[in-house]
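To start, the structure itself, in structure tokens.
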Amino acid sequence: MQLTEIRIAGFGGQGVILSAIVIGKAASIYEGDFATMTQSFGPEARGGACSAQVILSETPVLYPYVTTPDVLVVMSQEAYSKFVPELKPGGILVIEQDLVRVGDLPSGTTVFSCPATRLAEELGKRMVLNIVMVGFFAAVTKLLQPESLRKAVADSVPPAFKELNLEAFDKGFEYGKTLATGETAAADQE
């Protein structure tokens, strides 16, 4: 895997940091690559701005901070407004479609949107929207093996919530897989 910079952003309470931990753990522990993760959040515990940066690489990561993300995952409008200008031209933008409205984008940006909150609510717990987004991220970016991410999810959540989080991952992954397959079919018809 070439060096890939990922920024995940939203507001406190959405599980942004856990999402980054899962992605980094999947790459470093289950795929044998290298990963770094840094985080930042406002003084508010919940509701304030929050972001996490993950760098994935097949070689050691020498600088742990994201400068121009290849992939930007945003789960709030504030995060979108703040971080989309940093997205690399030709990068991938993954959004929570009910919470983020897309405006001006860097050239060549590929946008994938997922109703993660609604999918999480279908499972009975809105709090797993972050893991739905991780599953969706896995399907649309194809950066990491889904099984590596599933193992990282299982290792990163409390045992009482393991099954719920694995269901959330699967739901997001299936939604993303269907979307990615539909886009591929549409592109082939053009």
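The values are calculated or read from the model by the stated rules, or taken from the named source; none is laboratory data. Every value quoted in this text rests on a predicted model; they were computed, and no experiment measured them. Glycine gets a Cβ as well: all are built from the backbone with ideal geometry, and neighbour counts include every protein chain shown. Quick note on the areas: whole protein, heavy atoms, side chains included, nothing else; ligands and nucleic acids left out. Shrake-Rupley method; radii C 1.70, N 1.55, O 1.52, S 1.80 Å.
Structure notes:
- Residue within the stretch 34-46 that is closer than 19 Å to T109 by Cβ and among the basic types (K, R) present: no
- Checking each residue of the stretch 136-143 against the condition of being open to solvent by less than 20 Å² (accessible area, probe 1.4 Å) and of a type in the set (F, W, Y) gives at least one match.
- When the stretch 98-121 is filtered for residues that are of a type in the set (S, T, N, Q) and buried (at least 16 other Cβ atoms within 10 Å of the Cβ), the ones remaining, listed by number, are T109, S113, T117.
- Failed condition for E174, given (1) in contact (Cβ under 8 Å) with a residue 40 or more places away in the chain; (2) farther than 20 Å from I8 by Cβ: (1)
- Filtered residues of the stretch 1-27 (kept if open to solvent by 50 Å² or more (accessible area, probe 1.4 Å), at pLDDT 95 or above and either in a strand (DSSP E or B) or among the small types (G, A, S) (or both)): none
- Filter result (touching a Ser or Thr at 6+ places or on another chain (Cβ under 9 Å) and not in a loop (DSSP other than H, G, I, E, B)) within the stretch 75-111: A79, K82, F83, V84, E86, I92, L93, V94, I95, E96
- Only one of the numbered conditions (1) over 15 Å from the mean Cα position of the chain (by Cα); (2) part of a loop (DSSP other than H, G, I, E, B) is violated by R118, and that is (2).
- Residue list for the stretch 122-135, restricted to those being under 14 Å from the mean Cα position of the chain (by Cα) and either surrounded by fewer than 18 Cβ atoms within 10 Å (Cβ to Cβ) or hydrophobic (A, V, I, L, M, F, W, C) (or both): V128, L129, I131, V132, M133, V134
- Top-ranked residue in the stretch 71-91 [being open to solvent by 40 Å² or more (accessible area, probe 1.4 Å) and without any contact (Cβ under 8 Å) to a residue 60 or more places away in the chain; ranked as nearest to V134 (Cα to Cα)]: Q77
- T68 vs. criteria hydroxyl-bearing (S, T, Y), in contact (Cβ under 8 Å) with a residue 40 or more places away in the chain, surrounded by fewer than 16 Cβ atoms within 10 Å (Cβ to Cβ) and touching a helix residue (DSSP H, G or I) at 6+ places or on another chain (Cβ under 8 Å): yes
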